[in-house]
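Throughout, read-outs are computed from the coordinates displayed, never taken from laboratory work. The shown structure was predicted, so the numbers you read here are calculated from the model rather than taken from an experiment. Reconstructed Cβ throughout: ideal geometry from the backbone, glycine too, with neighbour counts over all protein chains shown.
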């Protein structure tokens, strides 16, 4: 069967005009198993081939450029990122507070001067006699023996106790407290020594004894020197004997620091050994 001629656009040209083949349409009930071809006359539709210049190639993608001018900045570009500094007075105040805090920590953590060196300013030591051995002196001091002794004394010790009392009266300090102090220091042993180098019955550092002009190995001279030193400390602290005792044990400089730091509660800012030293001798 001869085929009807077709145009360049795929249209069939028949005797009654141009016909277009449409795809088959199936109904829901599938009434026609074969596709149906419908011919629509297009006698008045001109068939004009497209010019070659209209054909657009899809191989190249041309970027789309929209002309215009940027008028609005992003919100983040309008944020002010200027650095804010504290005022000069605030910075100076914080610096001074930090320096004061550092100074206080250093002062409170320092080892008492008396445990490191001799000399009138730093001066004394920790005794070789353990402090805990004499805690019972607190109760003994009120038992009828003003010196705080219950054990029998040898002849030499009794003589040293009598000398200590005389020296205390000579320099204006309490004889009872001075005897307790020497008992705490050395138990009236002229040959006592401490691990830090303090020697003799009054437990002086050699350098301190040399500055004061006596031999620390000589018990008579050492008892006199100890009473003289306690008299000087008592005067320095205006009759506050607790401060004088703490100064004898830890050095007067340590007492000054504790007073300036803690005021009336100065003893709580002293080294625990100095605190126990004062408590035991004064019978607190």
Burial ordering of 165, 159, fewest other beta-carbon atoms within 10 Å first: 159, 165
A correct fewest-to-most ranking of 204, 237 by other Cβ atoms within 10 Å would be 237, 204
Under the 0.36 nm per residue contour assumption, what length would be gained going from the current alpha-carbon distance of residue 91 and residue 106 to full extension? 3.1 nm
Taking 243, 170, 157 and counting other beta carbon atoms within 10 angstrom, the fewest-first order is 170, 157, 243
Give me the Kirkwood hydrodynamic radius of segment 163-268, using the inverse of the mean 1/r over all pairs of distinct Cα atoms, in Å to one decimal. 13.9 Å
